[in-house]
Every structure is written in C-alpha cells, then in structure tokens.
Amino acid sequence: MNPSDLFPPTFLNFCSRKAREMVDAGIGTRAVVLATVDGFAVAQALPDDADSERMAALASSISSIGAVATQEAGLGRCTSVILNTEKGFAVVRQFAAHGHDLVVISVADEQSLLAQVMYQANDFVKGVLAA
C-alpha cells in the first residue's frame, strides 16, 4: 500500500512535517509514525536505524489490543494506549481523519515527561484533523 493512493501529497507533507516537529521539539520523543489502522506507514520521523513499516504494524497491533480491552471492560472507544518500559515509553493514539482510521505512535526516552509527549500526540491529532 502506498500512502499517496489514500491521501493527497499536501496532507502527507503536513503529517511528515508535524512528525519531524515532534522529534525536533527536544522533549525526548525519538520516533513518530503515523499509520493506517491496518498497519501501513503514512508519515514518519525516525532515527536512521528504525523501520517505519515495522513501527506502523506495531502501532496497529497495540491499538487493536487497546480497543478490545476497553470494549471488554465497558469503557467505550479506546483513544490511546501507553506502554511504560525501563528505558522510556510509547504513546499510541487512535483517531479517524479524512475517511480513514489512523494511529500515531510516539516513542520517548526515559528522560521524557509523559504529559508532554501525550500533549504532543494530541496536538498532532488536532493538526491532522484540521489539515
């Protein structure tokens, strides 16, 4: 799947620029990938050794698990999942835009503040929805 088959170039450029801004903001976000809910990368800002398609597939899987867990618990639609580790965390944010279900994953180091990374992820989603 090629993202240009689903989205106009201006949208893809906007998403790539917003992802890069998240990484460049200096709050510890190391990688950002926007993906379709079925696991195809749409836009990304990654270190050289990272694989955007693999990150997209992981984000898709994580969002699916979150959706099932919240549904089973009767909590309504899942909007985000947070994975905490000894070396940092990942924030996975699900949303629908331009007729597609999307997911963005932000990977941050252990020096980052969860609230700042979540704010970034929410701001990213707001920007994508307005684009």
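The values are calculated or read from the model by the stated rules, or taken from the named source; none is laboratory data. Small disclaimer: the values here were computed from a predicted structure and weren't measured. Please note: Cβ atoms are built from the backbone with ideal geometry, for glycine as well, and neighbour counts cover all protein chains shown. Surface accessibility is based on the protein's heavy atoms, side chains included, excluding ligands, DNA and RNA. Shrake-Rupley method; radii C 1.70, N 1.55, O 1.52, S 1.80 Å.
Cut-off 10 angstrom, C-alpha nodes, Gaussian network model of the chain. Which of Glu72, Glu21, Glu53 fluctuates the most?
Result: Glu72 has the largest fluctuation of those listed.
Have a look at Gln116, Met55, Ala41 and report the one farthest towards the positive end of the charge dipole of segment 1-116, computed about the Cα centre with Cβ charges (Lys/Arg +1, Asp/Glu -1).
Checked the options; the winner is Gln116.
Starting at the first residue of segment 40-52, write each ³J(HN,Hα) from the Karplus equation 6.51 cos²θ - 1.76 cosθ + 1.60 with θ = phi - 60°, in whole Hz, x for Gly and Pro.
9, 5, 10, 8, 7, 9, 9, x, 4, 8, 9, 10, 5
What length, rounded to one decimal in nm, is gained on full extension from Ile82 through to Asn122, with 0.36 nm per residue of separation minus their alpha-carbon distance?
Stretched out fully, the Ile82 to Asn122 stretch lengthens by 13.1 nm.
Go through Ser4, Val68, Phe14 and say which Cα lies farthest out towards the positive end of the charge dipole of segment 1-108; charges sit on Cβ, +1 for Lys and Arg, -1 for Asp and Glu.
Phe14
Give the accessible area for Arg30 in Å² (nearest 10); use a 1.4 Å probe, count only protein heavy atoms, and leave out ligands, DNA and RNA.
Accessible surface of Arg30 is approximately 130 Å².
Based on DSSP H runs of at least 4 residues, each adding -39500 (n - 2.57), what is the mean residue ellipticity at 222 nm of the chain after dividing by all its residues, to the nearest 500 deg cm²/dmol? If you can, show how the numbers build up before the last one.
Values: 3 runs with 54 residues, N = 131.
When only DSSP H runs of four or more count, the value is -14000 deg cm²/dmol.
Run the simple label-point estimate for Ala130 and Leu75 please: 7 Å along Cα→C-beta, distance reported in nm.
Output for this residue pair reads 2.9 nm.
Which one, Asp48, Asp101, Asp38, has the greatest fluctuation when you compute a Gaussian network model over the chain with C-alpha springs under 10 angstrom?
Checking each option, the largest mean-square fluctuation is seen for Asp48.
Beyond 14 Å, how much of the Cα-Cα pair distribution for segment 1-59 remains, as a whole percent?
53
Collect residues whose amide H, placed 1.01 Å from N in the peptide plane, falls under 5 Å from the amide H of Ser80; neighbours closer than 5 in sequence don't count.
Distant-sequence amide H within range of Ser80: Gln94.
Taking a 1.4 Å probe, which of Lys87, Lys18 shows the most accessible area, and what order do the others take after it? Don't skip to the answer; put the middle values down first.
On the way: Lys87 150, Lys18 40 Å².
Sorted by accessible area, descending: Lys87, Lys18.
If DNA, RNA and ligands are ignored and the probe is 1.4 Å, what is the ranking of Leu46, Leu34 by accessible area, most exposed first?
Largest accessible area first, the residues go Leu46, Leu34.
What residues have an amide H closer than 5 Å to that of Ala43, excluding those fewer than 5 places away on the same chain, when H is modeled at 1.01 Å from N in the peptide plane?
For Ala43, the qualifying residues are Leu34.
Calculate, axis by axis, the spread of Cα positions in segment 8-131 along the three principal axes, and write the results as whole Å, longest axis first.
38, 38, 24
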